[in-house]
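Scroll down for the structure; my scribbles are underneath it.
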Amino acid sequence: MSYYLNSENHLDPGPIYVRENGQLHMVNLALDSVRSSLQKPRPFRLFPKGFSVELCMNREDDTAQKEKTDHFIFTYTREGNLRYSAKSLFSLVLGFISDNVDHIDSLIGFPEQIAEKLFSAAEARQKFTEPGAGLRALQKFTEAYGSLVLCSLCLRNRYLVISEKLEEIKSFRELTCLDLSCCKLGDEHELLEHLTNEALSSVTQLHLKDNCLSDAGVRKMTAPVRVMKRGLENLTLLDLSCNPEITDAGIGYLFSFRKLNCLDISGTGLKDIKAVKHKLQTHIGLVHSKVPLKEFDHSNCKTEGWADQIVLQWERVTSEAMKPREALEPRKAAQHFYGKQARTETSVKCPLADTHINSSEKLQFYREKAPDCHGPLLKCEAVSSQESKKNKKRGFEEPEKEQSNSSQSSKQKYVCLAVEDWDLLNSY
């Protein structure tokens, strides 16, 4: 009764009756006194002052707000009205799994079409940029799908990404092209050691221009191929330019790459260039090119695969992490603005990136179309082929000459291979 009387929005109760000695009496004065006392009632507050529903909504977490709106798709009609429709069950499940992608045990045997959608959903949520969860999630995809995640990786002049995301980069498997130009790795870098791993035995194109490499680094990189026939045994293109610490002895370690078709050693510390040219032609059949090769213009190696946008996310995250460090140097920024001091941090150019080097100074080698034969042997084969054609037209008038020519060419080839094998044994 007291709650009803003290309520703010109560209705008129009407007359009040009191039973006294078995009779009912209407009490008007009592009602007037009650109404007079309720002229200025004290408001009843269920919540504290200043509280509203809007403030309660603002206090919720962002995840709670996403859960309320993530199940719907909001669009506008032609009339300008807001329209929403429920998402499909597949998209809801895909979003939930992508939010918890780091807790997946394995994806081996999972369909590739759905895995690609799951990878894109996790990428849109930037799950691969998280320090610990991103690495675990990326490893699950790479061990199950290999080259589909990434078949070609270009990290040219991205030394900050390598330093911050080294473990993520090492998780990629079955790469065919890897560009690490202008990253200043050095001989003792962990990534250079990782190149000899079996996970990267599929690499066919490797760019190591301007990485402060020496003969020791080349020896480590070629050791598995020379000793155990593993590692970079499928390498067909190698760029070692702009490494002045690589000498003639370091070039000798490259003779183990039997499948090498293109080689760039411009800007290295070679002393006897003529002898190096002769050895490369004798041992692995590479001839010096007088014209710059298009294989070394860095246009063929691009980041391709499901994770092509992840590399860009890593680069953006690392650049944003470097901004607070630059903000701590306002004096240098002011000097740069007024032109008093040049800042060397922002403009870092890779050597040989410009076209000021003459083609004669470039030491680029390629493999000729006809293997196991060099120089005058090509002429002998051409002459023998022409003679064979003429003899066919004449009705094989001179069979004895053909046999003698073929026997001579076979002897020359046999002698050439023997010398090559002998030099290869001496190099070891």
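The values are calculated or read from the model by the stated rules, or taken from the named source; none is laboratory data. These numbers come from a predicted model, not from an experiment. Note that we place each Cβ from the backbone using ideal geometry, even for glycine, and neighbour counts take in every protein chain shown. Each accessible area value is taken on the protein alone, full model and side chains, heavy atoms only, with ligands, DNA and RNA left out. Shrake-Rupley method; radii C 1.70, N 1.55, O 1.52, S 1.80 Å.
Condition test on Ile73, is it farther than 26 Å from Glu164 by Cα, out of contact with any Cys (no Cβ under 7 Å at 6 or more places or on another chain), of a type in the set (Val, Ile, Thr) and modelled with pLDDT of 90 or more? Against the criterion (farther than 26 Å from Glu164 by Cα, out of contact with any Cys (no Cβ under 7 Å at 6 or more places or on another chain), of a type in the set (Val, Ile, Thr) and modelled with pLDDT of 90 or more), Ile73 does not qualify.
Listed here are the residues, each with its yes/no results for (1) among the aromatic types (Phe, Trp, Tyr); (2) in contact with a Gly (Cβ under 9 Å, 6 or more places away or on another chain).
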position: Met228; (1), (2): no, no
position: Gly231; (1), (2): no, no
position: Leu238; (1), (2): no, no
position: Asp248; (1), (2): no, yes
position: Phe255; (1), (2): yes, no
position: Leu263; (1), (2): no, no
position: Thr268; (1), (2): no, yes
position: Asp272; (1), (2): no, no
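Of all the residues in the stretch 158-174, those that are closer than 10 Å to Leu138 by Cβ and open to solvent by 50 Å² or more (accessible area, probe 1.4 Å) number 1. Has the stretch 256-277 got any residue that is small (Gly, Ala, Ser), modelled with pLDDT under 95, surrounded by fewer than 16 Cβ atoms within 10 Å (Cβ to Cβ) and not in a helix (DSSP H, G or I)? Scanning the stretch 256-277, I find at least one residue that is small (Gly, Ala, Ser), modelled with pLDDT under 95, surrounded by fewer than 16 Cβ atoms within 10 Å (Cβ to Cβ) and not in a helix (DSSP H, G or I), so the answer is yes. Could you check the stretch 131-143 and list, in sequence order, the residues that are under 15 Å from the mean Cα position of the chain (by Cα) and free of Cβ contacts under 8 Å to residues at least 60 places away in the same chain? Within the stretch 131-143, Gly134, Leu135, Ala137, Gln139, Thr142 qualify.
For the stretch 197-250, the tally of residues that are in contact (Cβ under 8 Å) with a residue 12 or more places away in the chain, of a type outside the set (A, V, I, L, M, F, W, C) and in a loop (DSSP other than H, G, I, E, B) stands at 16.
Could you tell me whether the stretch 300-314 includes any residue that is open to solvent by 40 Å² or more (accessible area, probe 1.4 Å), modelled with pLDDT under 90 and assigned to a helix (DSSP H, G or I)? Within the stretch 300-314, none of the residues are open to solvent by 40 Å² or more (accessible area, probe 1.4 Å), modelled with pLDDT under 90 and assigned to a helix (DSSP H, G or I).
Checked against the criterion of being over 27 Å from Thr196 (Cβ atoms) and without any contact (Cβ under 8 Å) to a residue 24 or more places away in the chain, the stretch 251-273 contains not a single residue that satisfies it. Taking the conditions exactly as written (in a loop (DSSP other than H, G, I, E, B), open to solvent by 40 Å² or more (accessible area, probe 1.4 Å) and at pLDDT 90 or above), does Lys340 satisfy them or not? When the stated conditions are applied, Lys340 does not pass them.
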